[in-house]
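Here the structure is laid out as structure tokens; the discussion comes afterwards.
The values are calculated or read from the model by the stated rules, or taken from the named source; none is laboratory data. Small disclaimer: the values here were computed from a predicted structure and weren't measured. Using ideal geometry, Cβ is built from the backbone for each residue, glycine included, and neighbour counts are taken over all protein chains shown. Just so you know, the surface numbers come from the protein's heavy atoms only, side chains and all, with ligands and any DNA or RNA stripped out. Shrake-Rupley method; radii C 1.70, N 1.55, O 1.52, S 1.80 Å.
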Amino acid sequence: MLCGMNMPNRYDHLATRLLETVGGATGAVPPRTREAVRRRAVDLVAGQDPSRATRADLPDDLARHVDAVIRHAYRVTDEDVGRLTRAGHSDDEVFEVTVTAAVGAGTARLNRVLELLRGGR
């Protein structure tokens, strides 16, 4: 079922594969950090305080980047990414955090729309 909803879809296997890949065990960013990014994305999309992503799991500079990707992705610049790499994050780490934030926010938005279509509030 797409994104955990009870609506069968011909793309379910692709959505499942994407979510498993983004949250998988291997990568430049530890799974715990990717989960903190995903939780932050879900919280921000829901209009909640994103404080559940702890400092230990998501450093402040990455949290600011995640917020920018979720709220205003079109405003993220090469200079923003450069600040992260100069702070010691590899290109792979920045990429993984960016993709995880985008997928987390997209999934949260999709689930919200599906919930509304099913009569939710």
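Would you mind checking the tilt of helix 91-117 against the longest principal axis of the Cα atoms of the chain, expressed as 0 to 90 degrees and rounded to 10? Once rounded, the angle reads 20 degrees.
Ordered by packing density, taken as the mean number of other Cβ atoms within 10 Å over each peptide's residues, highest first, how do 94-100, 13-19 rank?
In descending order of packing, they fall as 94-100, 13-19.
Atom-type composition of the exposed protein surface of segment 47-102 places 52 percent of the accessible area on carbon and sulfur (1.4 angstrom probe). Take the chain with all the other protein chains still there, run a 1.4 Å probe, and you get 63 Å² of accessible area per residue.
Relative to the longest principal axis of the Cα atoms of the chain, the long axis of helix 31-45 makes an angle of roughly 60 degrees.
Magnitude of the charge dipole for the chain, about its Cα centre and with charges confined to Cβ atoms of Lys, Arg (+1) and Asp, Glu (-1), is about 540 debye. Sorted from greatest to least, the principal axis extents spanned by the alpha carbons of the chain come out as 46, 29, 27 Å.
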